[in-house]
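Below is one structure, written out as structure tokens, with a few remarks after it.
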Amino acid sequence: MPLFGNSFSPKKTPPRKWASLSNLHLLDRSTREVELGLEYGTPSMNLAGQNLKFENGQWVSESGSFTGDRREFQRLRKRNQQLEEENNLLRLKVDILLDMLSETTAESHLMEKELEELKQHSHRKK
């Protein structure tokens, strides 16, 4: 006779009823967006006194044009491009230096092996 027996047998759970009792799932997408408040509009922000909105993947001034100093904007854009070019050049230099370091390390290891072999060979002759 088993210690605990087979007295534990859970009841089967009844099948679930329809998942949603709401009729919103029957509505088309645009009606659901209006009903559920899913229409947020375009994102906007105020940055340094400028009201900007996000349209077609870019931030655009709501007044239609950038009211800041265009020369300053062009200067910053040029400086950004210079820094990107400098960054690319520095990355290239680092890659070249790493290649040179690995080549020198490999040559050093080969020379150490040759030196050990020569030492062993000279000890055998003695």
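All conditions but one from (1) of a type outside the set (Lys, Arg); (2) at pLDDT below 85; (3) not in a loop (DSSP other than H, G, I, E, B) apply to Gly68; the one that does not is (3).
Consider the range 16-51 and keep the residues that are polar (S, T, N, Q) and part of a loop (DSSP other than H, G, I, E, B). The one that is modelled with the highest pLDDT is Thr42. For Glu117, indicate whether it is at pLDDT below 95 and surrounded by 10 or more Cβ atoms within 10 Å (Cβ to Cβ). When the stated conditions are applied, Glu117 passes them.
The values are calculated or read from the model by the stated rules, or taken from the named source; none is laboratory data. Quick caveat, the model's predicted, so the values are computed rather than measured. When we count neighbours, we look across all protein chains shown, and the Cβ atoms used for this are built from the backbone with ideal geometry, even at glycine.
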